[in-house]
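The structure appears right after this line, and notes come after that.
Bear in mind these aren't lab numbers, they're just calculated from the coordinates by the rules spelled out. Note that the structure is a prediction, hence the values are computed from the model and not measured. Using ideal geometry, Cβ is built from the backbone for each residue, glycine included, and neighbour counts are taken over all protein chains shown.
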């Protein structure tokens, strides 16, 4: 087994070699191809990180523009995010629309980590939109995640604690004096902040005391905001266990009761386990699922210190991790199984697919991505449970949970749909992977061996066997007598750009060739 | 926009599954019980046992603890021969099975030092661990490995032609996680089974990535090896029970329908896992005005309906003597209702099982509910869940004592579940 050479957060500097740059971009953007390589080429690692860590501007709200929806309250071309709740039937349509819109934001990601981190926080600070059942709440939840994606974690937790979607999802809206509901407070400690590592010893009584601190909040459907009701708030003092230094959160009455949350979060964030837990999750998201004792001591602990020193600002931690010698260690190349978004959107970004111009058609394409990625067991907006997707917490398999006899077959079906000659049908509109354009970006396309090698370098994070490589080459050379025939064919392509039959011949070969790459087990890795 | 539409649109490639070894199939568990099939039904989220199997002799105190949640006395379904317990009114089908001696319950099942975390507790139930110990393989997988020794190496073979286990859904499960790989084939009810072609030639293996790719390749190869038996079974035309609801309305029924199809189609797999999600009813578990309605009532009805249709199917295809099912959940719920007329995470729960040869009746006694229940009170533990599963392995599968302790280490008393 190739050993990890560096357990150091020491920053690397200078301009990255192509393979290092590809590693950085694969892990931070959803897929990288010629477009990304060109954009980041010749930039220093510091400059790359400046770009990646810059928060993307807020996206325009989802619009009602589905001709199939006759929404009396929301005319076509305007948004429903502030509209009155209508009924479950209409809201279900809006929710589906919202999730497809979210998928669209991912597909349209610029060169920022914002979308990747929004998805990270979705997996960390979970809401299931099909349980919340109010699209406007769902929109506010997604907007919150996106606004803080590269911002401040403590602020995110504070907003989430009274976010309307979260109040519904974890029953914070039914948590009142004399009748505490501990659903949110339990997950706040177990899943959102402290975690359940062996050194975390909060008690059942702490969960209950925290629930009392959080009592009195409700969502308001009319104003689509959270509200605090002092009369529902438990104003008695809350005693915590020795794990929290026997801290007492003073009960407060009147509007002041709302401020107890801050005292609770201060207490929870004082425990270094909170910073450690989030850093481990970030590490699993970006580097590898394996955390051994060396990684724990030399990477996680220092990262947690950075997190604490920067008052839970997320960007400094990511900068330290993603710019480190450890991150660029060759041992980690291609060792993460792509999640379904990384797989499907990743292929789309690698080949820089252009979506239809019409908003309606584009939306249908986004919906196609949303449904198929859901089919691969990653429904954006609805993780399987409050713990998020198995791949990010269920040891020791972690990312391998994405892969089973069903999902592999389905991934390969998706890959097949991407190299159909007539294009990929997305609920009506078609998108077409322009494989010819991709291949023409290589200088040495006429040399079939170089074309195979260079394509694999860009597309595939793991080296394949010579046998598999020869099979791929054979696809390009099918019915040709020699490699020179390929060179001739390639030359003809540029000499006679208007010769449709040559173009079609080359395109067909490339289509099946790139399809072959996407169908390899190695292509599942990043 | 549905997945099925997508599948129809995608081109189909010819797949070349491995040739099926035409030798006689006898893919049996220990003791030659080769026709027996076990269907485990996981109730995800923590089922409220007190509103499932209701202790009538505790009704007064229970009503005090959960006034707007407890099923009105006159709506509780009586059980033949057991005057002090009754069933949730949504469980009509299960009542019929029970009255016909086709079903049983074990009361108060759980484990010492219960975890109230969904995730930890699910892991405990699926891996067969004690509360404080973390295991990384499933208890059923450990049992299956005593039969499918060294899996996947050498499997399938003449004696074991079919997959050791089937998981219905889109994700694998700890229950079937073996030492070196998932011992189940995962089948999604809404999508046709596909076995993709794969180059068997390994690329780099001497790296973290190479190891991961190796696992993926193994799943592909193993899936391909079972492709022909699975396609044959799934391709069998079955006239299902008329009792099944419209597809997409009861996820458990949809899943059990696939299991029925596979059994009818002659698949020799003997262990299945299906699930029903949504039991984490912290809030509005029941309608305040009518506790027989609401989220939990809907789940009870789906559970009962799913099992009823499936059982009807088993009778129609003449496999009712071979097939048994059992439910479990990661925990029960608290005795006292919370402010939202829901319940928080609890500990012990009743397990339900069914089949023609099960030990009909109720094992264990009603929980004792005192008259000053507080929010923290939980039901007492009567049986360790490993006693139930261990007894199941012994009686249903004919597992040896050694195989049982391989699957579920520890000494647990035997409970009568199956008339072996």
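Worth pointing out:
- Scattering curve values for chain A, log₁₀ I(q)/I(0), Debye with Cα scatterers, q = 0.05 Å⁻¹: -0.23
- Helix axis angle, B:385-397 relative to chain B longest principal axis, alpha carbon, degrees: 50 degrees
- Pairs of Cα atoms nearer than 8 Å and 6+ residues apart set the relative contact order; for segment A:436-524 it is 38 percent.
- CD proxy at 222 nm, helix term only [per DSSP H run n ≥ 4: -39500 (n - 2.57); per residue of chain A; nearest 500]: -14500 deg cm²/dmol
- Segment A:436-524 shape via C-alpha gyration tensor axes, a/c threshold 1.5: prolate
- For segment B:273-399, the normalised intensity computed at q = 0.12 Å⁻¹ comes to -0.59 (log10 of I(q)/I(0), Debye sum over alpha carbons, equal scatterers, no solvent).
- Cα centroid separation, segment A:180-250 to segment A:111-176 (Å): 17 Å
- Helix B:118-127 vs. chain B, principal-axis angle (Cα, 0 to 90°, nearest 10): 60 degrees
- Whole-number percent relative contact order across segment A:124-271, with pairs defined as alpha carbons under 8 Å at least 6 apart: 20 percent
- Of all DSSP beta bridges in the protein assembly as shown, antiparallel share, percent nearest 5: 55 percent
- Cα-projected label distance for residue B:277 with residue A:34, points at 7 Å along beta-carbon direction, nm: 4.1 nm
- Gain on full stretching of the segment that runs from residue A:78 to residue A:152 - 0.36 nm per residue minus C-alpha separation: 23.5 nm
- Amide N of segment A:368-406 lying under 11 Å from the label point, which is placed 7 angstrom from the Cα of residue B:136 along Cα→Cβ: A:395-398
- A Förster radius of 41 Å combined with the Cβ-Cβ distance from residue A:18 to residue B:246 puts the calculated FRET efficiency at roughly 0.15.
- For segment A:1-148, the convex hull spanned by the alpha carbon atoms encloses 160 Å³ per residue.
- Net length gained if the chain between residue A:253 and residue A:505 were fully extended (0.36 nm per residue, minus Cα distance): 83.0 nm
- The protein assembly as shown: Cα Rg divided by the 2.2 N^0.38 Å rule of thumb: 0.96
- Ranked by the mean number of other Cβ atoms within 10 Å of their residues, highest first, the peptides A:83-89, A:504-510, B:49-55 fall in the order B:49-55, A:504-510, A:83-89.
- Segment B:382-420 and segment A:1-42 have Cα centres separated by 53 Å.
- Modelled spin labels at residue B:149 and residue B:288, positioned 7 Å past Cα toward Cβ, are 6.3 nm from each other.
- Segment A:124-271: C-alpha gyration tensor shape, a/c 1.5 cut-off, then a/b vs b/c: oblate
- Global geometry of segment B:197-340, whether rounded, prolate or oblate, following the gyration tensor of its Cα atoms and the 1.5 cut on a/c: oblate
- FRET efficiency, residue B:63 to residue A:236 (Cβ-Cβ, R0 30 Å, nearest 0.05): 0.60
- Cut-off 17 Å, label 7 Å out along Cα→Cβ of residue B:82, residues of segment B:352-373 by amide N: B:352-369
- The distance from the alpha carbon centre of segment B:314-364 to that of segment A:451-516 is 59 Å, rounded to a whole number.
- Normalised by the number of residues in chain A, the mean separation of alpha-carbon contacts (under 8 Å, six or more apart) gives a relative contact order of 17 percent.
- Average partner coverage of A:466-472, which counts Cβ from other chains inside 10 Å: 3
- Degrees, to the nearest 10: A:359-375 long Cα axis against longest axis of chain A: 80 degrees
- Take the Cα of residue A:298, step 7 Å toward its Cβ, do the same at residue A:359, and the gap between the two points is 5.3 nm.
- Counting only DSSP H runs of at least 4 residues, each contributing -39500 (n - 2.57), and dividing by the residue count of chain B, the helix-based mean residue ellipticity at 222 nm comes to -9500 deg cm²/dmol.
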